[in-house]
1. How many nm is it between the label spots at A:Asp114 and A:Gln356, if each spot is 7 Å from the Cα in line with the beta carbon?
2. What does the accessible area per residue of chain A come to in Å², with a 1.4 Å probe and no ligands, DNA or RNA counted?
3. What total accessible surface area, summed over both chains, is buried at the interface between chains A and B, computed with a 1.4 Å probe and given in Å² to the nearest 100?
4. Mind checking A:74-81 for the average number of partner chain beta-carbons within 10 Å of each residue's beta-carbon?
5. Taking the alpha-carbon centroid of each part, what is the distance from segment A:338-391 to segment A:77-153 in angstrom?
6. Using label points projected 7 Å from each Cα along Cα→Cβ, tell me how many nm separate A:Leu143 and A:Leu159, to one decimal.
7. Pairs of alpha-carbon atoms within less than 8 angstrom and 6+ residues apart define the contacts here; what relative contact order does chain A have, in percent?
8. Between the chain alone and the structure with every protein chain in place, find the residues of segment A:84-133 that drop at least 40 Å² of accessible area; heavy atoms, 1.4 Å probe.
Amino acid sequence: MSTVSPKDSTADSHYDVIIIGAGLSGLSSAVRLGMFGLKVLLLEKHYIVGGLNSFYAKGGRKFDVGLHALTNFPSPSSGKSSPLFKLCRQLRIPLDSLALQEQTSSRITFGTTDLRFTNNFDFFISEIERVFPHEQERFHRLLSKMENFPAYSVDAEELSTRNILAEELNDPLLAEMLLCPTCYYGSARENDIDFPTFVMLFDAIFKQGLARPEKGIRALLDPLTSKLKELGVERKMNTPVKAVHAEEDRITKIELENGEYLTATHYISTCGGLETETLLQPPPQTKNFEIGRFSIIESISVFEGHPKAWGWDETVVFFNDSDSFSYNEPKELVDLHSGVICIPNNYGLPSLDQKQESKLRVTHPANYSLWSALNEESYAGQKKIWEGKILENGLRYLPTIKEKVAKFKSKTRMTDTFTPRTIKKFTSHENGALYGSPTKRRDGATSFQNLFLAGTDQGYVGIVGAMLGGIAVANNQILRNL
Amino acid sequence: MNKDKIKQIVLDIIAEIAPDEVLTDVKPEIRLRDQLDLDSMDFLDIVMELRKQHGIDVPEGEYRELESLDSCANYLLPKFETGATA
């Protein structure tokens with residue numbers, strides 16, 4: 001047909017898929033769908049892509065927002081079975097182009113007990129056998145239980161890891177020390193972690209391992225955005241969604257804050273389960289997603305010289321000041337009892353540049369409601385106060401002699417801190433919930449036939465999880481049914 | 001179109017989606033999964049590339065017809081031939 005009827009011209013602006021959110025899951029979905037010729041529109045309310053895994057410049061320095069570690073390093077023992085390897089293949093980004101730098105070594109420290117780990121899983125096992133010789137047999141039984149559990153399947157049962165560890169292990173300290181890193185790297189649930197997520201994160205952190213792209217998060221964001229351009233995927237930045245309109249069991253259109261309406265055959269939302277329900281018009285009669293409670297504060301200090309000069313050669317330290325680990329929304333602004341230290345300069349080989357600057361990142365649980373109730377002046381004031389406390393507290397977990405604390409402070413050129421408020425801004429998650437809602441939809445399906453969730457609320461967390469989640473929704477919900 | 005050409009088409013697609021695999025010694029009668037590191041996501045990509053490059057549809061229930069180069073050739077030949085005469 002050569003003539004264009006009015007109906008055809010509306011068809012011109014109709015998309016195969018509209019994706020809400022240009023974080024890592026949205027970008028990955030968009031690349032997959034665009035790769036096979038679908039007409040895709042990617043909507044993002046910020047002026048920059050990446051969501052929580054974004055980047056910014058301050059004081060003439062570049063910072064990554066969320067990146068502590070890229071987990072799932074394809075180590076010699078995991079290789080092509082690593083999800084990171086698989087997602088690079090799916091997105092057709094050569095793994096080598098990330099220039100991954102491996103961690104030196106990392107540590108879980110509880111009171112006086114230390115467990116060290118590297119990207120060699122056998123070393124971690126030997127550490128556990130050394131520190132918990134009485135648990136050796138039970139620990140190996142736990143490992144085979146984890147191997148036999150279908151953690152990666154979309155209908156994996158969401159059992160309580162605390163209960164399973166209590167059944168399988170005799171020494172509660174070992175259980176707590178295994179919970180600490182896995183909760184911090186991906187539990188949406190307070191004081192526990194769903195067993196499938198625990199198994200996935202255990203594999204991601206210990207069996208595969210930690211690494212960092214030489215150029216930080218941009219090593220992933222840049223190839224994704226240039227691929228979108230090549231594939232002709234349309235992207236609208238600074239474009240918040242006002243409402244998602246539904247009729248019966250289908251989404252009919254998207255309404256933007258700027259008053260525009262857009263239509264598509266399929267819709268993917270990456271802003272969270274609860275948050276997507278909030279956008280629905282008419283509002284759903286029942287809320288299907290529990291609100292997430294876990295948020296964090298992170299303080300980044302930029303200091304002179306290489307960390308080795310301070311005697312710090314570890315990459316990540318998960319710390320807790322007693323034998324029992326609590327992973328909750330604290331009752332005050334920040335909980336200093338436990339946290340995570342990351343020294344990104346300790347990925348890869350140390351630089352020989354004496355004049356270089358390094359970063360020290362320290363993360364703690366924090367309370368969203370308390371931080372968001374502060375007015376601008378006291379928010380800034382509290383940030384300053386807690387920056388000092390966090391740094392002083394964090395240094396206790398690094399090999400630091402007391403006299404050095406003041407010296408370190410004098411060599412600190414700048415500090416930047418983000419709070420639960422910042423997380424809310426970048427993720428849209430209610431309550432600034434770092435890992436979204438404890439209710440997860442692994443396959444991304446919703447009660448609407450043409451609306452799918454991708455990202456954190458699928459339950460695949462972290463950078464690698466978000467990307468794989470986005471890929472899985474594009475593949476299983478859309479491409480397979482073409 | 002003939003079966004050898006189809007095998008080459010499938011190999012070319014695999015080279016594109018899995019550039020790290022060595023394809024010099026792929027045995028046509030043996031399952032691809034047993035000689036290469038390919039999973040269900042990779043097979044989806046083979047299907048998607050057949051669709052994009054050659055306009056051939058493989059319904060999800062028939063993905064297993066692509067398990068070896070020989071089975072690919074047998075299964076795809078009539079589809080290529082219909083495509084050519086249409």
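The values are calculated or read from the model by the stated rules, or taken from the named source; none is laboratory data. Note that the structure is a prediction, hence the values are computed from the model and not measured. Here Cβ is always computed from backbone atoms with ideal geometry, including for glycine, and neighbour counts include all displayed protein chains. Keep in mind that these areas ignore ligands, DNA and RNA; they rest on the heavy atoms of the full protein, side chains included. Shrake-Rupley method; radii C 1.70, N 1.55, O 1.52, S 1.80 Å.
1. 2.3
2. For chain A, the per-residue accessible area is 41 Å².
3. In total, chains A and B hide about 1600 Å² from solvent.
4. What the average comes to for A:74-81 is 1.
5. 26
6. 1.9
7. With pairs under 8 Å counted, the relative contact order is 22 percent.
8. A:Lys86, A:Arg89, A:Gln90, A:Arg92
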